[in-house]
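Here the structure comes first, spelled out in structure tokens, and everything after it is commentary.
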Amino acid sequence: MLLLPRRLPPPSRSSRTMPPPPALRSLRAPISIRTESPKRHGIARCDTSRSTPRISETEPTLAQPSADVQGGSAPLFQALKSTAAQDVSCFHFPGHNRGKAAPSSLSNLIGMGAFLHDLPELPELDDLFYPKGVIFDAQNQAAQLFGSSKTWFLVNGSTCGIQAAVMATCSPGDYIIIPRNCHISVISALVLSGAVPKYIVPEYNSAWDIAGGVTPSQVDKALKELEMDGKKVGAVLVTSPTYHGICSDVQGIVDVCHPLHIPVIVDEAHGAHFRFHHSFPRTAIEQGADLAVQSTHKVLSSLTQSSMLHMAGGLVDADKVSQCLQLLQSSSPSYLLLSSLDATRAQLSENAKSFDEPVALALETKDQLMVIPGLSVLDLSCFASDFPATDPLRVTLSASDLHLSGYEADDILEEHQIVSELVGTQAVTFAINLGTRRQDVQKLVQCAKHLSEKYFSAKESRLRKHNYVRSPLDKFSVKLTPREAFFTKKRRVCIEDSLGEICGELICPYPPGIPVLIPGEVVTQDSLSYLINVRDQGMTISGAADGELNSIMVCNL
């Protein structure tokens, strides 16, 4: 999927008419994982079966007064708060010494509180790699709320969760089935693990320049091809939802893989909120996935770079996952990030109706945008595949009928102080979240109307400025594994002269970090044309040694 600088996807109109889920079982009685901890409140235990009830569909017994976030319902948060309040003489790191030596410019910007709570792994704050106290409690409460059997807190973003999941399931030389529009973190996981990719090409809509998900039949076909070749499969990895909110049939993929004892990893970075409203798609864990990585900081409210890795079932060794995370995560984890995960979990526990307003705003916004002349809103009808759902909180808008590219439309909206999440060649994506206000979406709709009024009548006289090429994901040739290419000697060539060479670096318009070229792939005319096209439009290129993309590194074979 080829998207470019900055942002996200919308729900589909068809997802609003999906039949309601089957009747759900009531939650078990509240229990406490570690009864010896006086600071914890028991919260409703969430079963990990596919019929697990959604938080928003249960009785609001999880709700607690807001002040409780500062008490036992958020054990790690409370421990950090109590420790920071101690009147002690500090002879430990970090060097700003609880803010006493904080740079004034930064403390004036973010306040002293951030420095005061920027503490190291003191005994009362537990150890992220060997949790026995407040981190242990906080992760267990997160597992209960998110419906997993085990949850790990991540301070190196979802990237380290993806890397750990792949390393824990794939040995060097094992094959892993992945979508070709996977995030760059998956490619880095291949370099680290030595796993060999078997790519699935997702359905691609050229009118939107957007790729969808993968289907169970595609996974089944890939598995059979590898079996015929005598290859060992370590895992299957699925991106669901995509950056644009398009979901794959994870349960169908699980049903294909589990009889073969092949674990399913889901990059669910953009779906951390799915468990918390009845109109959201089912979570990967609810659909039987073995490992699911979620960016808790995206739609939910933790600090940037904080994420969670959830596990269910018995196909994956939890101790192996922990060992991999110890290799990948910082040995000096930020307690600001960790406590933000704990506080976010407590926030969700307190209010079962948190997403009622954001969902209503998103659906209302899409309804209003869809009737504006010259504008289109992405939905499932844009794809031929039977994808099960889209994220209702993603709104992807195209002004191509106004002869405006996604970049041009975004530039105009930015002039009116509308900041989108993601810009593509053909569309702009907006993310609705817990902090979205009604005046924000009203302003978006008004600016979209202004866009239509200004360009609709003049569209016939305007020429498209850009020649859009077909997706470079359609045809590719792999000569080396990402790991082999990574460690091969390289040479720099002019990008126009790179046709037919073996790419030696990850090259992708960023964000969202979907690679156009992966180390080990042959540079094709499609990929070359696409990269030159987006380069000439001024898009930021990630991964390439030459950020201006006048040259690229190729393998010196």
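Residues S334, S385, S405: which one is at pLDDT 95 or above and of a type outside the set (D, E, K, R)? Going through S334, S385, S405 in turn, just one is at pLDDT 95 or above and of a type outside the set (D, E, K, R): S334.
At least 3 residues being loosely packed, with under 14 Cβ neighbours inside 10 Å is the threshold, and among the helices (runs of 4 or more DSSP H) wholly inside the range 85-164 those reaching it are 104-110. Determine whether the range 443-455 contains at least one residue that is modelled with pLDDT under 85 and at negative phi. No, the range 443-455 contains no residue that is modelled with pLDDT under 85 and at negative phi.
In the range 332-389, of all residues being in contact with a strand residue (DSSP E or B) (Cβ under 7 Å, 6 or more places away or on another chain), more than 30 Å from A207 (Cα to Cα) and not hydroxyl-bearing (S, T, Y), the one that is surrounded by the fewest Cβ atoms within 10 Å (Cβ to Cβ) corresponds to L338.
Yes or no: L397 touching a strand residue (DSSP E or B) at 6+ places or on another chain (Cβ under 6 Å) and modelled with pLDDT of 95 or more? In short, yes. Of all residues in the range 532-557, those that are closer than 20 Å to R491 by Cα, out of contact with any helix residue (DSSP H, G or I) (no Cβ under 7 Å at 6 or more places or on another chain) and open to solvent by less than 10 Å² (accessible area, probe 1.4 Å) total 1. Applying a threshold of 7 Å to beta carbon distances and a minimum spacing of six or more residues, or different chains, the list of pairs starting in the range 79-96 at a residue that is within 13 Å of H117 (Cα to Cα) and without any contact (Cβ under 8 Å) to a residue 24 or more places away in the chain and ending at one that is open to solvent by 60 Å² or more (accessible area, probe 1.4 Å) and of a type in the set (D, E, K, R) is empty. Against the test of being in contact (Cβ under 8 Å) with a residue 24 or more places away in the chain and out of contact with any Asp or Glu (no Cβ under 8 Å at 6 or more places or on another chain), the options V196, V186, V233, V191 yield a single qualifying residue, V191.
Filtered by the rule that a residue be among the polar types (S, T, N, Q) and touching a residue at least 60 places away in the same chain (Cβ under 8 Å), the range 511-547 gives S529, N533, Q537, T540, S542. Based on this model, can you work out whether L337 counts as out of contact with any helix residue (DSSP H, G or I) (no Cβ under 8 Å at 6 or more places or on another chain), under 29 Å from P515 (Cα atoms) and assigned to a helix (DSSP H, G or I)? Yes: the conditions hold for L337. Residues that are within 22 Å of T429 (Cβ to Cβ), surrounded by 21 or more Cβ atoms within 10 Å (Cβ to Cβ), at pLDDT below 95 and not acidic (D, E) are absent from the range 492-504. Just to verify a result, which residue in the range 165-177, among those that are part of a strand (DSSP E or B) and open to solvent by less than 10 Å² (accessible area, probe 1.4 Å), is nearest to R483 (Cα to Cα)? Across the range 165-177, the extreme among qualifying residues is I176.
In the range 295-331, the qualifying residues are those that are among the charged types (D, E, K, R) and part of a helix (DSSP H, G or I), and the one that is least open to solvent (accessible area, probe 1.4 Å) is K320. Restricting the range 257-288 to residues that are touching a Pro at 6+ places or on another chain (Cβ under 8 Å) and under 23 Å from Q163 (Cα atoms) leaves a set whose member that is most open to solvent (accessible area, probe 1.4 Å) is H270. Cβ-Cβ contacts under 7 Å between residues 6 or more apart (or on different chains), taken from a first residue in the range 490-510 that is more than 20 Å from V191 (Cβ to Cβ) to a second residue that is among the charged types (D, E, K, R), are listed as V493/E501. Report yes if some residue within the range 407-420 is among the polar types (S, T, N, Q) and touching a Phe, Trp or Tyr at 6+ places or on another chain (Cβ under 6 Å); otherwise report no. Yes, some residue in the range 407-420 is among the polar types (S, T, N, Q) and touching a Phe, Trp or Tyr at 6+ places or on another chain (Cβ under 6 Å).
Every residue in the range 178-223 that is closer than 30 Å to G406 by Cα and assigned to a helix (DSSP H, G or I), please. Within the range 178-223, I184, S185, V186, I187, S188 meet the criteria. In this entry, E453 is excluded by the filter for residues that are within 29 Å of Y530 (Cα to Cα), open to solvent by 10 Å² or more (accessible area, probe 1.4 Å) and free of Cβ contacts under 8 Å to residues at least 60 places away in the same chain.
What about G71, is it more than 32 Å from the chain's Cα centre (by Cα), closer than 26 Å to V134 by Cα and at pLDDT below 95? For G71, the condition - more than 32 Å from the chain's Cα centre (by Cα), closer than 26 Å to V134 by Cα and at pLDDT below 95 - is not met.
Selection of the range 243-256 for residues being buried (at least 24 other Cβ atoms within 10 Å of the Cβ) and touching a helix residue (DSSP H, G or I) at 6+ places or on another chain (Cβ under 7 Å) yields only I253.
Can you tell me which residue within the range 267-294, out of those that are within 10 Å of the chain's Cα centre (by Cα) and not in a loop (DSSP other than H, G, I, E, B), is farthest from L315 (Cα to Cα)? Top of the filtered list is Q294.
For the range 404-430, a tally of residues being assigned to a helix (DSSP H, G or I) and open to solvent by less than 10 Å² (accessible area, probe 1.4 Å) returns 4.
The values are calculated or read from the model by the stated rules, or taken from the named source; none is laboratory data. A quick note: this is a predicted structure, and the numbers were derived from the prediction, not measured. Quick reminder, even Gly has a Cβ in these numbers, built from the backbone with ideal geometry, and neighbours come from all protein chains shown. Calculation scope for accessible area: heavy atoms of the full protein, side chains included, ligands and nucleic acids excluded. Shrake-Rupley method; radii C 1.70, N 1.55, O 1.52, S 1.80 Å.
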